[in-house]
There are 2 protein chains.
Amino acid sequence: MIQTILLKNRPIGTPKLSDFEFKETDKDLTIQDGELLLETAYVSVDPYLRGRMSDAKSYIPSFELNKPIQCGIVAKVIASKNKNFSSGDFVTGMLLWQTKQVSTGEGLLKVDDSKAPLSAYLGVLGMTGLTAYLGLNEIGKPKAGETLVVSGAAGAVGSVVGQIGKILGLTVIGIAGTDEKVNLLKTKFGFDAGINYNTSKDISEDIAKAAPNGVDIYFDNVGGPISDAILFNINRFARLVICGAISVYNATETPKSLCVQPFLVKNSALMQGFIVSNYSEKFPEAMSHLSQWLAQEKLTYSETVVHGFEKIPEAFIALFEGKNKGKMIVKL
Amino acid sequence: MIQTILLKNRPIGTPKLSDFEFKETDKDLTIQDGELLLETAYVSVDPYLRGRMSDAKSYIPSFELNKPIQCGIVAKVIASKNKNFSSGDFVTGMLLWQTKQVSTGEGLLKVDDSKAPLSAYLGVLGMTGLTAYLGLNEIGKPKAGETLVVSGAAGAVGSVVGQIGKILGLTVIGIAGTDEKVNLLKTKFGFDAGINYNTSKDISEDIAKAAPNGVDIYFDNVGGPISDAILFNINRFARLVICGAISVYNATETPKSLCVQPFLVKNSALMQGFIVSNYSEKFPEAMSHLSQWLAQEKLTYSETVVHGFEKIPEAFIALFEGKNKGKMIVKL
């Protein structure tokens, strides 16, 4: 039996379970020459998928209604008629929310479970790690001694950004939504300071206290009021890496926030949207650093693992409630 | 008799005449070795001066209360004990709102009234032209065939930006506040299209019509709702040059506008604050292009000239009412 999850409705506001539909089929999958049969092992659920569920014009096509959703997956090759892959191999790539599927192998990368746990290839050694490394380096252009603030700091990307910041000699301040997360930032990920935005009386003031020399780089995963608060603390020539805006993904009207232009002019500051796929020529360089740091235990990561294919929509929705610590993974 | 204009109060909201104070003195100015005596000929009034009148931290120090205001001026040397300058020379530089003054010559540039009218050295051959050229090139990074939108398009900087855009092979759309200005954009400055933001029913829609291929570069002089409307029309990898935000300079509370982050992420777009003084090493290159284009009549400019030293505060305040077409100049 093969299970698939289809996009049933384009979500309005926060996605609901009823926006997804489960379909089952007993039909066997067969492979042609050059193809592989894959069994899904780990599924990545990521905030950016929310964008593809809407039909607004964006950098990647919208998901089609009544078609399976596609995302980062680690799968096991269970049959192969492709000389590049053998039965028993594990691969990662953009695949479907489906228990088994056929692939031509295009875009798939073999992964080695002796080097790192398989789920890491969806996180610190996958898009998450690449996003953290390349967003910070390519837009943030960090120089040792500078101050970096990361929002969504206990999340999959944010926790890696902060650690890379420390490796590169920055002062790193993280913003997260619970005391437990803020504590993790400092004890597990080596951040210099953490701010709980839910209990802070004045986020801008708390940033000013934690960053007495001002903020040189802001790695933004959230948008909204937290990002507004940063603007009062940026230094001349600050770089604001706009990686995500989870706080507004579910907004049903285009949200308002502080007018950023005067802050950017006053500080000759830069704000740039980051999409990891624009930097694919730098993936090998990034991967080599990330794997090395992971092997040297300079880099660690958190995962929230949910078990069972049928939990995928729930795990996805939980991202918007901040229920994950680090990378949210569904294990089949 | 020497007249000076002092900053009496830090303006709240739009500056008022009562924020300025005139002072007269009969005391003669004398010069020491190395100094010059200058007689002010043309005074530039610019929106950015509003920033220096407030005491908020910024890229240049605030003006001090009860001290003369400083700005771009063309003055005549009426006595010189400095070997680099002779009586009768005209110079430009940052000088005081004062009819006569003493200078060491530091930071002053000799200007040649046989090459261009003296007031042009405060406009198209001064900070205005440098701002237009360097903002467009250094942040906008134009490529022939792209589409450029300019706000404050009939203003001193905007009208030059648009013309440089045309010289570089761009499609250029200007946004201005009266039909007369919009008409000027097309007939005098060679813009491809113009939008009157005061009569437009939907600025975003009008931009979409004028820019069927989307917007690659936005040169922003105004901020506020006009800049919001641009966001719906930007292309992938768009560059937004934030040169000024005149619409919000007089705001007494930090104004709200559209949350820009999702637009920047979706389009991998860049937004960067531009301050001309950061690019001083490129001034000679820029000046050589600007003077050449002016001599070739590829570049033209508008001036609104107000007569009389005592009119300086009025001319400055009029900027915020859009009363100027092109560069606002006070001639003594």
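The values are calculated or read from the model by the stated rules, or taken from the named source; none is laboratory data. Source: prediction; values computed, not measured. Using ideal geometry, Cβ is built from the backbone for each residue, glycine included, and neighbour counts are taken over all protein chains shown. The protein model used for the area step is the full one, side chains on, heavy atoms only, and it has no ligands, DNA or RNA in it. Shrake-Rupley method; radii C 1.70, N 1.55, O 1.52, S 1.80 Å.
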- [ ] Among the residues of the stretch A:220-266, write down those that are within 19 Å of residue A:152 (Cβ to Cβ) and among the polar types (S, T, N, Q).
- [x] A:221, A:227, A:233, A:247, A:250, A:257
Task: the stretch A:307-321 - residue that is in contact (Cβ under 8 Å) with a residue 40 or more places away in the chain and buried (at least 16 other Cβ atoms within 10 Å of the Cβ) and, of those, farthest from residue A:238 (Cα to Cα) - done: A:309
- [ ] Exactly one condition in (1) in contact with an Asp or Glu (Cβ under 9 Å, 6 or more places away or on another chain); (2) open to solvent by 30 Å² or more (accessible area, probe 1.4 Å); (3) modelled with pLDDT of 90 or more is not met by residue A:200; state its number.
- [x] (2)
Open item on the list: Give all pairs with beta carbons closer than 8 Å in which a residue from the stretch B:212-232 that is under 13 Å from residue B:243 (Cα atoms) meets a residue that is among the acidic types (Asp, Glu); count only pairs at least 6 apart in sequence or on separate chains.
Closed with: B:217/B:146; B:227/B:220
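Against the condition among the hydroxyl-bearing types (Ser, Thr, Tyr) and either touching a Cys at 6+ places or on another chain (Cβ under 8 Å) or open to solvent by less than 10 Å² (accessible area, probe 1.4 Å) (or both), how does residue A:257 come out, does it pass?
Taking the combined requirement at face value, the residue satisfies it.
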Open item on the list: Just to verify a result, which residue in the stretch B:276-306, among those that are of a type in the set (Val, Ile, Thr) and in contact with a strand residue (DSSP E or B) (Cβ under 9 Å, 6 or more places away or on another chain), is surrounded by the fewest Cβ atoms within 10 Å (Cβ to Cβ)?
Closed with: B:305
TODO: Hey, can you tell me all the residues within the stretch A:203-230 that are modelled with pLDDT of 95 or more and not hydrophobic (A, V, I, L, M, F, W, C)?
DONE: A:204, A:205, A:206, A:209, A:212, A:213, A:214, A:216, A:218, A:220
Open item on the list: I'd like to verify a number: residues in the stretch B:160-188 that are part of a loop (DSSP other than H, G, I, E, B), open to solvent by 10 Å² or more (accessible area, probe 1.4 Å) and not charged (D, E, K, R), how many?
Closed with: 4
- [ ] Identify, by number, the condition in (1) out of contact with any strand residue (DSSP E or B) (no Cβ under 9 Å at 6 or more places or on another chain); (2) touching a residue at least 12 places away in the same chain (Cβ under 8 Å) that residue B:118 doesn't meet.
- [x] (1)
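Condition check ((1) modelled with pLDDT of 90 or more; (2) closer than 11 Å to residue B:45 by Cα; (3) among the hydrophobic types (A, V, I, L, M, F, W, C)) across all residues:
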site: B:294; (1), (2), (3): yes, no, yes
site: B:297; (1), (2), (3): yes, no, no
site: B:308; (1), (2), (3): yes, no, no
site: B:314; (1), (2), (3): yes, yes, no
site: B:317; (1), (2), (3): yes, yes, yes
site: B:322; (1), (2), (3): no, no, no
site: B:329; (1), (2), (3): yes, yes, yes
Open item on the list: So for the stretch B:18-41 (the condition being open to solvent by 10 Å² or more (accessible area, probe 1.4 Å), closer than 22 Å to residue B:221 by Cβ, touching a helix residue (DSSP H, G or I) at 6+ places or on another chain (Cβ under 8 Å) and not aliphatic (A, V, I, L, M)), does at least one residue qualify?
Closed with: no
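Just checking, does the stretch B:171-190 include any residue being within 14 Å of chain A (Cβ to nearest Cβ), closer than 30 Å to residue A:258 by Cβ and at pLDDT below 95? If you could, list the steps in order and put the result at the bottom.
First, pick out the residues of the stretch B:171-190 that are within 14 Å of chain A (Cβ to nearest Cβ): none.
Looking for residues that are within 14 Å of chain A (Cβ to nearest Cβ), closer than 30 Å to residue A:258 by Cβ and at pLDDT below 95, one finds none in the stretch B:171-190, hence no.
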TODO: Those residues that are basic (Lys, Arg) and assigned to a loop (DSSP other than H, G, I, E, B), I need them from the stretch A:313-332; list them, please.
DONE: A:323, A:325
Task: residue B:195, sole failed condition from (1) closer than 18 Å to residue B:325 by Cβ; (2) touching a residue at least 24 places away in the same chain (Cβ under 8 Å) - done: (2)
TODO: Evaluate the stretch B:18-40: report whether one residue or more is under 27 Å from residue B:304 (Cα atoms), out of contact with any strand residue (DSSP E or B) (no Cβ under 8 Å at 6 or more places or on another chain) and within 14 Å of another protein chain (Cβ to nearest Cβ).
DONE: no
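Condition check ((1) under 19 Å from the mean Cα position of the chain (by Cα); (2) within 18 Å of residue A:263 (Cα to Cα)) across all residues:
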position: B:196; (1), (2): no, no
position: B:207; (1), (2): no, no
position: B:224; (1), (2): yes, yes
position: B:261; (1), (2): no, yes
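Within the stretch A:260-274, identify whether any single residue is within 23 Å of residue A:56 (Cβ to Cβ) and at pLDDT below 95, and answer yes or no.
Yes, that holds for at least one residue.
Residue-by-condition table, conditions (1) free of Cβ contacts under 8 Å to residues at least 60 places away in the same chain; (2) within 14 Å of another protein chain (Cβ to nearest Cβ); (3) open to solvent by less than 20 Å² (accessible area, probe 1.4 Å):
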residue	(1), (2), (3)
A:52	yes, yes, no
A:70	yes, no, no
A:78	yes, no, no
A:83	yes, no, no
A:87	yes, no, no
A:95	yes, no, yes
A:98	no, no, no
A:105	no, no, yes
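Looking at the stretch B:135-159, which of the residues that are hydrophobic (A, V, I, L, M, F, W, C) and surrounded by 24 or more Cβ atoms within 10 Å (Cβ to Cβ) is nearest to residue B:306 (Cα to Cα)?
Going through the stretch B:135-159, the residues hydrophobic (A, V, I, L, M, F, W, C) turn out to be B:136, B:139, B:144, B:148-150, B:153-154, B:156-157.
Filter once more, keeping what is surrounded by 24 or more Cβ atoms within 10 Å (Cβ to Cβ): B:136, B:148-150, B:153-154, B:156-157.
Details: B:136: 29, B:148: 31, B:149: 29, B:150: 26, B:153: 21, B:154: 17, B:156: 15, B:157: 18 Å.
Looking at the filtered set, the residue picked out is B:156.
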Open item on the list: Looking at the stretch B:254-296 only, could you name the residues that are of a type in the set (D, E, K, R) and within 10 Å of another protein chain (Cβ to nearest Cβ)?
Closed with: B:256, B:266
Task: Among residues of the stretch A:210-246, those that are crowded, with 24+ Cβ neighbours inside 10 Å and at the interface with another protein chain (Cβ under 9 Å from one of its Cβ atoms), counted - done: 10
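Farther than 14 Å from residue B:128 by Cβ and either more than 8 Å from chain A (Cβ to nearest Cβ) or open to solvent by 10 Å² or more (accessible area, probe 1.4 Å) (or both): is that true of residue B:327 in this structure? Let's see the steps before the verdict.
Working: farther than 14 Å from residue B:128 by Cβ: no; either more than 8 Å from chain A (Cβ to nearest Cβ) or open to solvent by 10 Å² or more (accessible area, probe 1.4 Å) (or both): yes.
Criteria not met by residue B:327.
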Task: Residue list for the stretch A:15-34, filter: outside any strand (DSSP E or B) and either aromatic (Phe, Trp, Tyr) or more than 24 Å from residue A:246 (Cα to Cα) (or both) - done: A:26, A:27, A:28, A:29, A:30, A:31, A:32, A:33, A:34
